[in-house]
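What follows is a short report on a single structure.
The values are calculated or read from the model by the stated rules, or taken from the named source; none is laboratory data. Every value quoted in this text rests on a predicted model; they were computed, and no experiment measured them. No Cβ is skipped: glycine too gets one built from the backbone with ideal geometry, and neighbour counts run over all protein chains shown. Areas reflect the complete protein model, heavy atoms only, side chains present, ligands, DNA and RNA absent. Shrake-Rupley method; radii C 1.70, N 1.55, O 1.52, S 1.80 Å.
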Amino acid sequence: MPARGNGRWLGGGLLLAAGLVAPYVVYPVFAMKVLCFALFACAFNLLLGYTGLLSFGHAAFLGSAGYVTAYTVKSLGFSPGLGLLAGTACAAVLGLVIGWLAIRRSGIYFAMITLGLAQVIYFLSLQLEFTGGEDGIQGVPRGVLFGVLPLDNPLVMYHFVLAVFLFGFWVVYRAIHSPFGQVLKAIRENEPRAVSLGYDVHRYKLLAFVLSATLAGLAGGTKSLVFQLASLTDVHWHTSGEVVLMTLLGGLGTEFGPVVGALLVVTLNNYLAGFGSWVTVITGAIFVVCVLAFRRGIVGEILAFARSRSAPKDP
Amino acid sequence: MKRLVRVLGVLGTVLLAAAAWAGSGISDGVIRIGVLNDMSGTYSDLAGPGSVVAAKMAVEDFGGKVLGKPIEILSADHLNKPDVAANKAREWYDKDKVDAIVDLPTSSCALAVLEVAKQKNKITIVSTGASTRITNKNCSPTNVHWTYDTYALAVGTAKAIVAEGGDTWFFLTADYAFGHSLEKDTAEVVKASGGKVVGAVRHPFPSADFSSFLMQAQASKAKIIGLANAGADTTNAIKQAREFGITPNQTLAGLLVFLTDVHSLGLETAQGMQLTTGFYWDYNDETRAWSKRFNERHGRMPTMVQAGVYSSLMHYFKAVEKAGTDEATAVMKAMKAIPVNDMFAKNGWIRDDGRMVHDMYLVQVKSPSESKGEWDYYKVLRVIPGDEAFMPLEKSTCPLVKK
């Protein structure tokens with residue numbers, strides 16, 4: 001057990017170091033994009049990896065929070081912090097409504113309900129006046145955070161995004177390693193048994209769903225400040241699919257897996273952009289290889305390898 | 001001590017002079033052009049790699065150099081996602097020292113890149129993006145909208161069809177902002193030209209099955225069915241209209257149709273349809289000569305937006321040469337001062353709102369018996385003069401236009 005604890009500290013330390021060095025090594029906006037998607041994937045992982053609920057509509061939370069943040073900051077003159085809060089709150093409320101409806105079913109039905117409701121959000125985003133429809137909201141001012149931090153400076157913006165990410169990551173980490181998280185895992189492993197032990201399973205699922213939606217919203221709001229735009233892409237079901245891909249690639253139900261997965265997918269999308277249609281082919285091929293060869297994802301396989309090496313010594 | 005100060009002073013002057021000299025020339029010694037478009041999705045056929053070929057041809061035809069400095073072409077796929085587009089544009093301007101970004105299909109991507117370019121004071125030339133917002137609400141002092149816009153397409157087609165007796169219209173409209181504005185623009189022109197709009201039906205976007213909508217269009221008995229949609233929606237609607245036997249009796253008016261759409265539909269299905277285009281390869285000797293070269297390299301005839309990319313870059317290089325620098329404001333001033341005269345446009349000019357005004361063509365798709373070979377698709381019915389084709393400057397809501 002201590003070995004695993006050390007590994008966690010090592011992983012966390014490495015991640016933090018990488019996060020601090022990143023803006024000097026790679027293009028800051030790119031690093032910010034990775035962080036936003038990493039937070040999104042972590043939020044998603046809380047639901048899929050630890051509660052065993054496959055939501056196929058998480059883009060709705062990412063996108064709607066993005067729209068609300070962009071709109072409040074651009075048209076209503078909110079400060080960036082307040083706009084981000086408004087976006088996150090919107091995602092939380094949306095998560096409550098969608099979650100309340102969806103958790104009544106499980107498995108494929110749960111996935112379909114979330115997908116269906118997310119498509120409703122997509123439709124609303126396309127039709128409502130304030131979202132700008134197909135064109136989206138552009139030119140969102142980044143403004144000044146707390147009245148002192150000029151977010152137009154790429155480095156200031158980066159550290160703000162890093163702080164948001166670390167906060168989100170910490171929330172997920174705390175949730176997983178609390179009695180609440182233990183119950184979630186119990187539900188994932190065997191729902192009837194959790195019920196028979198006297199846990200109000202619906203309540204736990206709903207709470208996990210809302211928490212996940214809220215953090216996804218936080219990622220979406222931050223993303224709209226980073227790119228200074230909100231668009232249909234973020235509410236499209238492709239994005240819901242992409243986050244599944246990120247989580248699976250990185251390692252389902254591992255703390256750092258989604259971060260690694262997000263880094264990988266965003267990097268592929270970004271640096272292969274010059275290859276045209278090959279991007280989709282390469283991403284697809286990697287996904288196939290991943291599913292066939294290392295089903296636990298990158299981080300999952302590393303952990304399994306470490307465990308298999310330390311296991312024989314124990315007894 | 002005094003000497004040291006003097007030496008430092010001289011050094012400082014030299015450095016300042018060097019900096020000033022560098023400021024008036026070409027930044028970092030290379031002119032870099034970024035072709036940012038859709039390389040893998042819906043618009044890869046009509047823009048995509050073909051636009052890169054057109055850009056490379058422009059560089060070669062200009063001699064590979066401007067003001068003695070080499071020209072480089074970069075290209076990337078924005079996947080029709082505005083965040084990817086904005087990110088790439090930022091990176092190109094900041095890191096790769098790109099001077100101008102061209103092509104930019106999908107309105108949302110074009111608008112996102114426009115905002116980035118405005119902030120960084122860099123040039124954008126939109127060729128494939130079609131929204132009129134590019135030269136209205138979201139106009140930018142460093143952008144030119146080169147080839148066409150939705151207004152020009154809708155107006156050209158509608159006016160001509162009404163004048164020929166197609167005076168009752170029914171709209172098949174994609175149910176989102178783009179479709180609505182296309183329908184509105186066209187309906188206004190139809191009414192102003194003395195026609196009547198008998199009805200409209202909204203179809204979800206995107207849609208694969210148009211049967212019930214087409215039945216309504218048929219029942220309306222309108223002479224013309226206006227297709228206020230784009231891409232796959234348009235081609236699907238055209239195909240199904242043919243299958244239902246609607247087309248020979250009622251005429252379809254495609255409001256956003258490209259040469260490659262006609263190519264994939266086939267003449268059998270598309271024949272008789274009228275549409276507006278900014279360029280047709282078989283128009284005169286000049287267009288034929290250029291398009292033949294393009295075809296040899298790309299294996300397909302150019303669409304209007306690919307020809308537009310070529311034309312816009314040739315003009316950009318001329319402007320850089322005239323301005324003696326690649327600084328955006330000076331180049332844009334030169335671009336607006338020089339008339340556009342090439343195989344794409346005659347006496348074209350760039351307005352304050354960034355609209356490049358040039359002649360458009362009303363064409364009709366040939367029937368299979370009229371067509372003399374592959375790519376022989378259109379007959380040009382009418383040349384629409386630029387002033388008539390584009391939205392008048394008085395109507396523009398662009399804040400840069402002085403009224």
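Overview of results
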| read-out | value |
| --- | --- |
| Cβ-placed point charges (K, R +1; D, E -1), dipole of chain B about Cα centre in debye, nearest 20 | 1300 |
| On Cα atoms only, tilt of B:177-192 relative to the major axis of chain B in degrees | 60 |
| Local electrostatic count, A:GLY181, Cβ distance below 12 Å [Lys/Arg +1, Asp/Glu -1] | +2 |
| Burial ranking of peptide ranges B:123-135, B:325-337, A:69-81 (average Cβ count within 10 Å, highest at the top) | B:123-135, A:69-81, B:325-337 |
| Region B:301-369: translational diffusion in µm²/s, Stokes-Einstein, Kirkwood Rh over Cα pairs, 25 °C, 0.890 mPa s | 183 |
| Accessible area expressed per residue, the protein assembly as shown, with surrounding protein chains retained (probe 1.4 Å, Å²) | 41 |
| Over 19 Å [Cα-Cα, region A:33-152], rounded percent | 52 |
| Dipole moment magnitude, nearest 20 debye, region B:171-329 about Cα centre, only Lys, Arg, Asp, Glu C-beta charged | 360 |
| Binned Cα-Cα distances of region A:194-315, short to long, each 5 Å bin given as a whole percent | 2, 9, 12, 18, 17, 15, 12, 8, 4, 2, 1, 0 |
| Cα-centred dipole magnitude for the protein assembly as shown, charges only on beta-carbon of K, R (+1) and D, E (-1), debye, nearest 20 | 1840 |
| Chain B: angle of helix B:150-163 to the longest principal axis, Cα-based, in degrees nearest 10 | 30 |
| Distance histogram for the protein assembly as shown (every C-alpha pair counted, 10 angstrom bins, percent rounded to whole numbers) | 3, 14, 22, 23, 18, 12, 6, 2, 0, 0 |
| For chain B, the fraction of alpha-carbon pairs in successive 20 Å shells from zero, as % | 27, 54, 15, 3, 1 |
| Nitroxide proxy distance, nm - points 7 Å out along Cα→Cβ at A:LEU292 and B:ARG297 | 3.9 |
| Shielding by partners, peptide B:130-137 (average Cβ within 10 angstrom, other chains) | 1 |
| Shape of region A:1-64, Cα gyration tensor, a/c cut at 1.5 | oblate |
| Diffusion constant of region B:340-403 at 20 °C, which comes from Stokes-Einstein with the Kirkwood Cα-pair radius and 1.002 mPa s, µm²/s | 153 |
| Total formal charge among the other residues, if their Cβ is under 14 angstrom from that of B:MET360, Lys/Arg +1 and Asp/Glu -1 | 0 |
| Ordering of B:361-371, B:183-193, B:50-60, B:144-154 by packing [mean C-beta count within 10 Å, highest first] | B:144-154, B:50-60, B:183-193, B:361-371 |
| Sorted largest first, extent of region B:228-271 alpha carbons per principal axis (Å) | 24, 21, 13 |
| Shielding of B:176-189 by partner chains, average beta-carbon count, 10 Å | 2 |
| Peptide B:112-121 - average C-beta neighbours from other chains (10 Å radius) | 3 |
| Three-way shape call for region B:273-395 based on the alpha-carbon gyration tensor, with the a/c threshold at 1.5 | oblate |
| D_trans [Stokes-Einstein, Kirkwood Rh over alpha-carbon pairs] for chain A, 20 °C, 1.002 mPa s, µm² s⁻¹ | 107 |
| A:MET112, B:MET215, B:MET301, reordered so the largest accessible area comes first (probe 1.4 Å) | A:MET112, B:MET215, B:MET301 |
